[in-house]
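To keep things clear, I will list the structure first and then write my remarks on it.
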Amino acid sequence: MDRKRRLIDTVVGIWMRGGLYLLLSIPILIAVGIYWKAAPLLESHSLKDLLFSGKWFPMRGEFGFLPFIYSSAYVTILSFLFSGPLCLFAAIYLTQFGKRGLLNIMLPVIDILAGIPSVVYGVWGILVIVPAVSGLAGFFGTTSSGYSLLAGSIVLAVMCIPYILNMLIEVFNTIPVGMKEASLSLGATHWEMVKHVIIKRGFPGIISAFGLGIAKAFGETIAVLMVVGNTLEISLSPFKPGYPLPSLIANNYGEMMSIPDYDSALMFSALLLFVIILVINLFFRYFIHKAEKS
Amino acid sequence: MRKIKIIEEWIIKGISFLAAYSVIFILLYLLFVIFKNGIGALSWETVFSMPKGGYYFGGEGGILNAIVGSLYLSVGATLLAIIVGLPAALFINVQLIRLKRTQHLIRYLLDALWGIPSIVYGAFGFAVMLFFGLNASLLAGIITVALLITPILVRAFDEILKTIPVELQEASFSLGSTRSETAMRVLFKQGFAGFITALLLAFGRGIGDAASVLFTAGYTDNIPVTLDEPVATLPLAIFFQLSSPIEEVRQRAYAAAVVLTIFILIISVSARLLSKRYSKNIIK
């Protein structure tokens, strides 16, 4: 009896340990696997050429990722300009000014919306945002099919709202009530209390929520791919189409085997996404974990 | 001075009120648009029949292949995620209970892993497929989606496990149970509500993800019988049909989007209900 129990303990122990080790090795496996496929490109081209050249002619063996990096950065930053302030004010209202009941209703709703797949956001973007952007372009005196950097940014912003809002609400809820009361009892108005207590105390948390939202937007694929136009050009106008990095990977998988080094180039863009997003995540998660510990 | 303060107060309150309600409005509007456009195209035929000849040019048929395919894929991936993730989450909370620093480090890494976009998992899955000489198939899709959802499952489960008091474990040890018995019979039972939530969260993420299965699962008009056949998935059915120039095919993409959204809503709501139901058995 006792031997059997001990045997089970050993086996289950190995299973548990094995599961954890396997899990922790995922990032390493991903890095190694993608690097292995991207290596041929890195050997034949310098990193500087890959990142800062705008010449994208896979048939001639020229791979300049600048237009893709530019588009990615453009939609990410623009989408954050929409979603960041909106989420901050909405979170302040929901946790400080609004009724408690509203927050209790909103929390599950936000949770559910965070689970809506990105392809559904893409469908919404095509139905609503693309025609709207096309109309808006007419208003500004240009023409646009609607499939544009702006459309991509708006869809991204909406996708990131539940994600960022959720984190901000959590940040604001961890701030002790006593501190708020102390501020109010000294004669501060609600807004002064928010300004000097909530935002000041929650500052690392707010920055982290924003940072993680940006990282999520940077790597989002399908929803953006569906509305961004996927045309290779570097343009300042938000009404022009763009071609972000994730769309490049998703769009070209079918044909990549026929052109030499093309598959390496796509793997290189995956590697870029992986490294940039992992670094952003590690950086901002560090703040959150530090805050949780204390 | 006093007046400026009051005006500032009102402006800020107004802005934040608008922000909160426009967020609510945008999100409800999104659901409204999806349902409004999809319901009209939704029929029993769409949901319960396979695509027939000429389907992608407006012919007869439905998206049963994608619905069943998506279920196969996400059930398989969730099972795989449980096999790896369940013991890992228990390990963090039993074996490592005294090593706070290691626990924090692991949670930190898993959280960072949560943020990796699914297209990267897709690319990695593709590299693995090339390495082992696999084709786009149900198996490759399951493995890729499992990689994507395991960190989610573990972290969500772990969030509940870490709230279980240490004393409960100590009581179990003092009665002579081994570590694995404590893990499986005490911690797992106590955290079962959290496990269900984590499971459904991971399942929902798996069923809705498109970028990771784009190159690993392939696409087919049939329902796969073996693991090495390609499989159709709902997100990709939406994605492909939406790029069609034919209006009728695009209508079906809207219908498929409604089906997918309803799946996600069912999963989210049942996660809430089930976790409430099972948390009754918890020893406080």
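Each value in this text was obtained by applying a stated rule to the coordinates, not by laboratory testing. Small disclaimer: the values here were computed from a predicted structure and weren't measured. Using ideal geometry, Cβ is built from the backbone for each residue, glycine included, and neighbour counts are taken over all protein chains shown.
Comparing B:165, B:87, B:51, which has the greatest mean-square fluctuation in the GNM of chain B with Cα pairs linked when under 10 Å apart?
B:165
For region A:1-139, restrict the atom set to alpha-carbon positions and state the Rg and Dmax in Å.
Rg then Dmax for region A:1-139, in Å: 25.2, 81.
From the Cα trace of region A:2-44, what convex hull volume per residue do you get, rounded to a whole Å³?
On the way: hull volume 2.2 nm³, N = 43.
Spread over its residues, the Cα hull of region A:2-44 gives 50 Å³ apiece.
Pop the C-beta distance of residue A:102 and residue A:28 into the FRET formula with R0 = 41 Å and round what comes out to the nearest 0.05.
The computed FRET efficiency comes out at 0.40.
Over chain B, what is the relative contact order in percent, taking alpha-carbon pairs closer than 8 angstrom and at least six residues apart?
27
Helix check for chain A. Which DSSP H runs span at least 15 Å along their own axis by Cα, with a mean Kyte-Doolittle hydropathy no less than -1.0?
Helices meeting the criterion: A:2-24, A:26-44, A:66-92, A:100-114, A:149-173, A:203-219, A:262-293.
What base-10 log of the normalised intensity I(q)/I(0) is obtained for chain A from the Debye formula, alpha carbons as equal point scatterers, at q = 0.07, 0.15 Å⁻¹?
For chain A, the Cα-only Debye profile gives -0.37, -1.18.
For region B:14-130, compute Rh as the Kirkwood radius over C-alpha pairs and then the Stokes-Einstein diffusion coefficient at 4 °C and 1.567 mPa s; write the answer in µm²/s, rounded to an integer.
66
Quickly work out the residue B:5-to-residue A:199 label distance, labels modelled 7 Å from Cα along the C-beta direction, and quote it in nm with one decimal.
1.7
Provide a whole-number value for the mean count of partner chain Cβ atoms within 10 Å of the Cβ atoms in peptide A:89-98.
If you average over the peptide's residues, the count of other-chain Cβ atoms is 6.
How many Cβ atoms of partner chains, on average, are near each residue of A:217-224 if near means within 10 Å of its Cβ?
That works out to 5 on average.
Given the peptides B:178-191, A:155-168, arrange them by the average over their residues of other C-beta atoms within 10 Å, most packed first.
Details: B:178-191: 19.7, A:155-168: 24.5.
So the order, starting with the most tightly packed, is A:155-168, B:178-191.
When N counts the residues of region B:92-147, how does its alpha-carbon radius of gyration compare numerically with 2.2 N^0.38 Å, as a ratio?
1.54
Of B:128, B:152, B:99, which is farthest towards the positive pole of the protein assembly as shown's charge dipole, taken about the Cα centre with +1 and -1 on the beta-carbons of Lys, Arg and Asp, Glu respectively?
B:99
Which pairs break 19 Å Cα to Cα here: A:180/A:290; A:200/A:290; A:48/A:216; A:37/A:216; A:240/B:36? Working shown, then result.
On the way: A:180/A:290 22 Å; A:200/A:290 16 Å; A:48/A:216 26 Å; A:37/A:216 24 Å; A:240/B:36 29 Å.
Long pairs (Cα-Cα over 19 Å): A:180/A:290; A:48/A:216; A:37/A:216; A:240/B:36.
What longest region of chain A stays clear of trypsin sites (Lys or Arg not before Pro) that DSSP places outside H, G, I, E and B and that have at most 12 other Cβ atoms within 10 Å?
A:100-294
Tell me the Kirkwood hydrodynamic radius of region B:154-232 in angstroms, computed as one over the mean inverse distance between distinct C-alpha pairs.
Computed over region B:154-232, the radius equals 15.5 Å.
Taking each residue in A:285-291, count the Cβ atoms of any other chain within 10 Å of its Cβ, then average. What number comes out? Don't skip to the answer; put the middle values down first.
Details: counts 8, 3, 0, 2, 6, 2, 0.
Partner Cβ neighbours, averaged per residue: 3.
Taking the Cα centre as origin and putting +1 on Lys and Arg beta-carbons and -1 on Asp and Glu beta-carbons, what dipole magnitude results for the protein assembly as shown, to the nearest 20 debye? Mind showing how you got there, number by number?
Working: 43 positive and 31 negative charges, 476 e Å.
With Lys and Arg at +1 and Asp and Glu at -1, about 2280 debye.
In a shell of Cβ-Cβ distance under 10 Å around residue B:139, excluding residue B:139 itself, what net charge do Lys and Arg (+1) and Asp and Glu (-1) give? Walk me through the numbers on the way to the answer.
Details: positive: none; negative: B:228, B:229.
The answer is -2.
What does the charge dipole of chain A about its Cα centre add up to, to the nearest 20 debye, if the Cβ of each Lys and Arg holds +1 and the Cβ of each Asp and Glu holds -1?
Once rounded to the nearest 20, the dipole reads 980 debye.
Suppose we look only past 22 Å in the calculated P(r) of region B:46-281. What percent of the Cα-Cα pairs does that tail hold? All intermediate terms of the calculation are to be shown ahead of the outcome.
On the way: 16005 of 27730 pairs.
Percent of Cα pairs beyond 22 Å in region B:46-281: 58.
Using the Kirkwood radius over C-alpha pairs as Rh, can you work out the diffusion coefficient of the protein assembly as shown via Stokes-Einstein at 20 °C, viscosity 1.002 mPa s, in µm² per second?
It diffuses with D of about 85 µm²/s by this estimate.
Looking at A:135, B:245, A:182, which one has the Cα that reaches farthest to the positive end of the dipole of the protein assembly as shown (charges on Cβ: Lys, Arg +1; Asp, Glu -1)?
Of the options given, the answer is A:182.
Within region B:217-250, which residues have the backbone N less than 16 Å from the label spot 7 Å out from residue B:45 along Cα→beta-carbon, could you tell me?
B:247-250
Using Cα centres only, tell me the gap between region A:98-115 and region B:81-158 in whole Å.
28
List, largest first, the extents of the alpha carbons of region B:111-187 along their principal axes, each in whole Å.
52, 24, 16
Quick check on the protein assembly as shown: helices-only [θ] at 222 nm, where DSSP H runs of length 4 and up contribute -39,500 (n - 2.57) each and the sum goes over total residues. Nearest 500, please.
-23500 deg cm²/dmol
Hey, if you drop one equal point scatterer on each alpha-carbon of region A:52-124 and run the Debye formula without solvent, what base-10 log of I(q)/I(0) do you get at q = 0.11, 0.18, 0.19, 0.28 Å⁻¹?
Relative scattering, expressed as log10 I(q)/I(0), comes to -0.52, -0.89, -0.94, -1.15.
Estimate the FRET efficiency between residue B:266 and residue B:22 by the formula 1/(1 + (r/R0)^6), using the beta-carbon distance for r and 25 Å for R0, to the nearest 0.05.
That gives a FRET efficiency of 0.35.
What is the spread of the Cα atoms of region A:205-266 along each of their three principal axes, largest first, in whole Å?
Between the extreme Cα coordinates on each principal axis of region A:205-266 lie 47, 26, 18 Å.
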